[in-house]
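The structure appears right after this line, and notes come after that.
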Amino acid sequence: MRPPCRPLPADGRFLQAVGPTPLVPVRLEEDGPTIWCKLEFLNPSGSTKDRIARYMLEKAWRLGELCPGGEVIEASSGSTSIALALACAQMGLRFTAVMPEGVTGERVLTIRAYGGEVELVARDAGVRGAVARAEELARERKAFAPRQFENPDNAEAHRVWTGQEILSQVPGGLVHGVVSGVGTGGTVVGLYQAFAEAGCPVTPFVAKPIAGLGCDLECCSFSPRVPGVVDGISKLYREADMPGRVELDVSDELAMCTARALIRRGFPVGPSSGLNYAAAVEASKRLGPGAQVVTVFPDRMERYFSTELIQPRLSARGAA
Ligand code: PMP
């Protein structure tokens, strides 16, 4: 039988630094809509994944699935691993991240700096290969596997936490559209549930980065990718009940250019924030004047110094 709720280790108090983050109105084009943007890159590890890392680990700790000195193993293309590495460092746990080859050096170095281990699987094996290897390792070493792609606590963290923050920040507590790219889907599913349960007439919009759709802005002569947003992996997203969900295609060039425009406005974001913002502009047009559309800026630009986000002359192949 599992022991009853246990207090977190003393250092777990630092985890309290996650959220609340500001929700700010952002309008990039003079004649464009205003989008409500949640500045999740301000969390301690630099991304929204601090929320799910803290939520999943605290729950496992309380249930007795994690003990002092225990080990956590997770497959992630980056942000979740970095957030887990930081949380494990604070909780006195060991951490191993399994990632496909080709992720940016910044990510690997950050995890190692927090004392985590990194195991790389072949680039061709992709996130799916990383998930399979993480399962194998967790079984072998009897480690705790958060399994972000299927763990309901991932979406739950956004439903009971990020979503409630937004409802208290957006004018009138009213949200008409919520927009996000999908990696695990935890963000869009959890936020949609929070807003729907609060009685908002909300439509969920899913932003899909499409290679090579084109963009007429001058900086976009290549086809960059948007790390963190992956298609078809997440069981959590596949099985989520989101009536009226709308998918919005956004060229990865437009996502990248929009991220650069946001950076020039003083928001130090990564590519997926550009994707989310560009899709939110389209969502706002579809919903019409007066609609309050909310999106998330998931992570920080410093994670992409070696990529074409910051060095536009690099080819997409050199990016994470
Ligand atoms: N942006 C970035 C930078 C990410 O790392 C992720 C998740 N891996 C996402 C967006 C997508 O968020 P979610 O997993 O909640 O769908």
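Evaluated over the Cα positions of the range 64-215, the convex hull gives a direction-averaged projected area, one quarter of its surface, of 11.4 nm². Note on the chain: helix-only mean residue ellipticity at 222 nm, from DSSP H runs of 4+ residues weighted -39500 (n - 2.57) and normalised by residue number, equals -10500 deg cm²/dmol.
Here residue 49 is the anchor, and the lysines within straight C-alpha reach of less than 16 Å, apart from those fewer than 8 places off in the same chain, are 38, 59.
Each residue of the range 255-265 is assigned a 3J(HN,Hα), and the resulting list reads 4, 5, 5, 5, 4, 5, 5, 5, 4, 5, 7 Hz, derived from the Karplus form 6.51 cos²θ - 1.76 cosθ + 1.60 (θ = phi - 60°), x at Gly and Pro.
For the range 124-199, the set of trypsin sites (Lys or Arg not before Pro) satisfying both a DSSP loop assignment and a count of at most 10 other C-beta atoms within 10 Å is given as 142. Annotation: extensible slack from residue 29 through residue 197 equals 57.2 nm (criterion: 0.36 nm per residue apart, minus Cα-Cα distance).
Residue order for 166, 310, fewest other beta carbons within 10 angstrom first, comes to 310, 166. The ranking of 48, 258 by Cβ neighbour count inside 10 Å, starting from the fewest, reads 258, 48. Charging the Cβ of each Asp and Glu at -1 and of each Lys and Arg at +1, and nothing else, the dipole of the chain about its Cα centre rounds to 600 debye. In this structure, the amide hydrogen of residue 117, modeled 1.01 Å from its nitrogen in the peptide plane, lies closer than 5 angstrom to those of 95, 96, 97, counting only residues at least 5 positions away or on a different chain. Backbone amide hydrogens, once placed in the peptide plane, bring residue 183 within less than 5 Å of 230, excluding anything fewer than 5 places away on its chain. So, counting K/R as plus one and D/E as minus one, what does the shell of residues with Cβ under 15 Å around residue 21 add up to? Around residue 21, the surrounding residues sum to +1. The slack in the chain from residue 314 to residue 265, taken as 0.36 nm per residue of separation less the alpha-carbon distance, amounts to 15.4 nm. Each peptide in 263-276, 185-198, 241-254, 72-85 receives the mean, over its residues, of other Cβ atoms within 10 Å, and ordering these scores from highest gives 72-85, 185-198, 263-276, 241-254.
Fewest-first ordering of 140, 135, 308 by other beta carbons within 10 Å of each residue's beta carbon gives 140, 135, 308.
In the chain, a dipole from Cβ-located charges (positive for Lys and Arg, negative for Asp and Glu) runs towards its positive end, and of 242, 170, 86 it is 86 whose Cα lies farthest in that direction. In this structure, the amide hydrogen of residue 208, modeled 1.01 Å from its nitrogen in the peptide plane, lies closer than 5 angstrom to those of 248, 249, 250, counting only residues at least 5 positions away or on a different chain.
FYI, it's all coordinate maths here, none of it is from the lab. Computed from a predicted structure; not experimentally measured. Ideal geometry is used to build each Cβ from the backbone, glycine not excepted, and the neighbour counts take in all protein chains shown.
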